[in-house]
Structure formats: C-alpha cells, structure tokens
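The values are calculated or read from the model by the stated rules, or taken from the named source; none is laboratory data. What you are looking at is a predicted structure, and each value in this text was computed from that prediction instead of being measured. Because the Cβ atoms are built from the backbone with ideal geometry, glycine has one as well, and the counts that use them run over all protein chains shown.
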Amino acid sequence: MAFKAWMEQQPWEGNELDKDILGDGSLYSPATCCFVQRSVNMFWNKTGERGCGLVGASFHNASGRYRAQCKIGDQNVALGYFDTELEAHRAWVAAKEKAMILLLSRFRLEPRVVEGMHRKLKQFQARFAA
C-alpha cells in the first residue's frame, strides 16, 4: 500500500506524524510511522545544544559538575548536578520514565505506540547495564 493511501486511513486529523517511536527516524512507512498527539510526538525530542554527550547531561563550567535537565511537557526541569555525565544522564532517564507513565495514562494509544515508547526507554536504560 502506498504511504499516502495508508496515511489517509489513519487518525491523522489533529495529530502529528511520528517516525521515531516505531522506527529509527530515517524511514517513512506504515511499519515505522504513526499519528499521535503533539505531546507524545515531542516526548523524546532533545532540547538545546547538547553536542555529542549523553542526552539530558551537560557540563556546567561554574560548578565543574554535570547538570541534568529534562523537558517535561512545556517545562524545562532541573534535575540537579552530578559528578559524572552518566549519573546526570541516569537522572534524565529516571525523570523521563516517570513522565512517560503519566503521559501514556493521558491518551488512548495504539498498542504498538505504547510498546514503542517502552522500547525507546529501554534503549536509554541499556547504557547502565554495561
């Protein structure tokens, strides 16, 4: 089925096309795309200039430590200062996990979207298992 034909059969009105929850963000296809509310679509987006470091962690020159911050909804939330970049990133992942649980309880989403959100979270959590 052509992508346009698939798209027209989806609940697209008032929603946004997401290609990151189900896929890696590089392919538009019925298997890797879904239509979701804006807050779901923007949930995993990275904010600010973070360079090549871990998401949610940035070096704070004045303190000599890593600052963790997270965007939850429209708010940037300060999570604290940490000795290592990984600790700051871990705080970001924990905050995102709590926020994700609340977000998923607000909307009725396709099971594959809920599974995709959990899969994204597990990808971030996998960094701690190593």
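Among the residues of the stretch 89-119, how many are in a helix (DSSP H, G or I) and farther than 22 Å from Ala78 by Cα?
Restricting attention to the stretch 89-119, the residues satisfying the condition of being in a helix (DSSP H, G or I) are 89-106, 111-119.
From what's left, farther than 22 Å from Ala78 by Cα: 104-106, 111-119.
Residues in the stretch 89-119 being in a helix (DSSP H, G or I) and farther than 22 Å from Ala78 by Cα: 12 in total.
So, of the residues in the stretch 47-76 that are assigned to a loop (DSSP other than H, G, I, E, B) and β-branched (Val, Ile, Thr), which turns out to be modelled with the lowest pLDDT? Filtering the stretch 47-76 for residues that are assigned to a loop (DSSP other than H, G, I, E, B) and β-branched (Val, Ile, Thr), the one modelled with the lowest pLDDT comes out as Thr47.
I'm trying to understand the selection: among the residues of the stretch 3-24, which are loosely packed, with under 15 Cβ neighbours inside 10 Å and assigned to a loop (DSSP other than H, G, I, E, B)?
Start the filter on the stretch 3-24 by keeping residues that are loosely packed, with under 15 Cβ neighbours inside 10 Å, which leaves 3-6, 8-14, 16-17, 24.
Of everything in the stretch 3-24, those that are loosely packed, with under 15 Cβ neighbours inside 10 Å and assigned to a loop (DSSP other than H, G, I, E, B) turn out to be Gln9, Gln10, Pro11, Trp12, Glu13, Gly14, Asp24.
Within the stretch 57-94, if we keep just the residues that are in contact with a Cys (Cβ under 8 Å, 6 or more places away or on another chain) and surrounded by fewer than 18 Cβ atoms within 10 Å (Cβ to Cβ), the residue that is nearest to Met42 (Cα to Cα) turns out to be Asn76.
So that you can scan it fast, the table gives a plain yes or no per residue for (1) of a type in the set (Ser, Thr, Tyr); (2) touching a strand residue (DSSP E or B) at 6+ places or on another chain (Cβ under 9 Å):
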| residue | (1), (2) |
| --- | --- |
| Ala5 | no, no |
| Leu22 | no, yes |
| Ser26 | yes, no |
| Thr32 | yes, no |
| Gln75 | no, no |
| Ala78 | no, yes |
| Asp83 | no, yes |
| Pro111 | no, no |
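Taken residue by residue, the stretch 77-88 has at least one member that is more than 14 Å from the chain's Cα centre (by Cα), at pLDDT 95 or above, hydroxyl-bearing (Ser, Thr, Tyr) and in a loop (DSSP other than H, G, I, E, B). Being closer than 19 Å to Arg127 by Cβ and out of contact with any Pro (no Cβ under 8 Å at 6 or more places or on another chain) holds for only one residue in Ala31, Ala5, Ala88, Ala78, and it is Ala88.
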